[in-house]
Structures are given as structure tokens and as C-alpha cells.
Amino acid sequence: MNLYELMETVRSFDGVLELAPDEGSGFPEIAWGDHFFYYAPDGQIPAGQPYATVVTKDYPDEPSSGLDRPDRWRVNIHVGGARSAELLGGEPGDLAATTDFTRSDVVHPHPVYHRQGWIAVVCPGPATSDTVVALLRDAHRAAERRASKRRVESAGEGEG
């Protein structure tokens, strides 16, 4: 799976909002070229974190994924703590200390946000592409459920 294929897959989800900062967007330069995915059918960036990101460079405050090399990128997906442990075969925090984050086509704990239930895959390929797409769909549906719950709770606040 290449970056274009992954992006087109996520863009096809109902209600997806993609934030892609670039020069002149008002977002910090470090985020330029990266992509942040939210469930937001109204087109407004919701409060909270995206459910998935695609990064095209290593960030200075995290272990290197080798994204400074050509054609390297990393997809990060919020899967939750239990699913993360299941995918990784152990607790993400324990595994992160010994993980080689530069390995491609392998499900890793996220270099920084593993304790919050995030996983990462550098350049998904034959071993992980199907899993990555399934996890992205699941993360999108989970974000949709959270948004629906917030709408119901907000509607209930006006009653009384």
C-alpha cells in the first residue's frame, strides 16, 4: 500500500474530515505535510484528538521512524489500550522501550502515545495493509460513536 492508496481509502469514509496543514494554513511548520483524520460530518474540527494521523517526517520529541529517508511515512491509529495490547502481543509501554521504530510493514506501539492506545505502522505493505485498513475503519466508527454520544448528551442538557 502506498501513501496515496491509504489516503484515498480514509478519504472515502463517510463523514471524514482531513486536516492537512501547509504553509499559510496557520498551523505550525512542523505539521506541514502531515494529515489528521477526524469524524466530522459537519466539516468542523471537533474538540479532542484525531482518530488517525499520517506523518511524513520524524518529530523532534520522539524516537526516529526513519522518515527522513525518501518515500517513508507512518500511519498512526487510535485503537484503544486493549486492542493495542492484542495487536502487539503485550503491553505497549513495555514493548516501546525495545521497539525498532524504523522497521516497515510492522505494527508498533506509537513512539510517544502508546500508553493512550495508539499504534503505528511505517509504510504498510503486504504484512499489514489489510490490518491497517481494518483498524482505520474501526477507529473511524469509534469516533463516529463518540460524536453521536456527544450529540445525544448535548441534546439532553437543554431539557429540564
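Do we find that Ser104 is crowded, with 19+ Cβ neighbours inside 10 Å, of a type in the set (Gly, Ala, Ser) and out of contact with any Lys or Arg (no Cβ under 7 Å at 6 or more places or on another chain) in this structure? No; evaluated as a whole, the condition is false for this residue.
Residue-level analysis places Glu18 outside the set of residues that are touching a residue at least 40 places away in the same chain (Cβ under 8 Å) and either in contact with a strand residue (DSSP E or B) (Cβ under 8 Å, 6 or more places away or on another chain) or not aromatic (Phe, Trp, Tyr) (or both). What pairs can you find where one residue is in the stretch 135-154 and within 17 Å of Gln44 (Cα to Cα), the other is among the aliphatic types (A, V, I, L, M), and their Cβ atoms are less than 8 Å apart, with a gap of 6+ or different chains? Going by the 8 Å Cβ cut-off, the qualifying pairs are His140/Val10; His140/Val16; His140/Ala52; Ala147/Ala40.
Taking the stretch 105-127 as the range and being in contact with an Asp or Glu (Cβ under 8 Å, 6 or more places away or on another chain) and in contact (Cβ under 8 Å) with a residue 40 or more places away in the chain as the test, the residues that pass are Pro111, Val112, Val121, Val122, Cys123, Pro124, Gly125. Could you tell me whether any residue of the stretch 47-54 is of a type in the set (A, V, I, L, M), farther than 18 Å from Trp118 by Cα and modelled with pLDDT of 95 or more? Looking for residues that are of a type in the set (A, V, I, L, M), farther than 18 Å from Trp118 by Cα and modelled with pLDDT of 95 or more, one finds none in the stretch 47-54, hence no. Please enumerate the residues belonging to the stretch 5-31 that are in a loop (DSSP other than H, G, I, E, B) and either small (Gly, Ala, Ser) or within 16 Å of the chain's Cα centre (by Cα) (or both). Selection gives Ser12, Phe13, Gly15, Ala20, Pro21, Gly24, Ser25, Gly26. Report yes if Glu86 is touching a Gly at 6+ places or on another chain (Cβ under 7 Å) and more than 28 Å from Pro60 (Cα to Cα), otherwise no. In short, no.
Within the stretch 40-69, residues that are at positive phi reach partners that are of a type in the set (Lys, Arg) and surrounded by 15 or more Cβ atoms within 10 Å (Cβ to Cβ) with beta carbons closer than 9 Å, at six or more positions or on different chains, in the pairs Gly66/Arg72.
The values are calculated or read from the model by the stated rules, or taken from the named source; none is laboratory data. Just so you know, these numbers come straight off a predicted model, no measurement behind them. Positions of Cβ are generated from backbone atoms using ideal geometry, with glycine treated the same way; all protein chains shown enter the neighbour counts.
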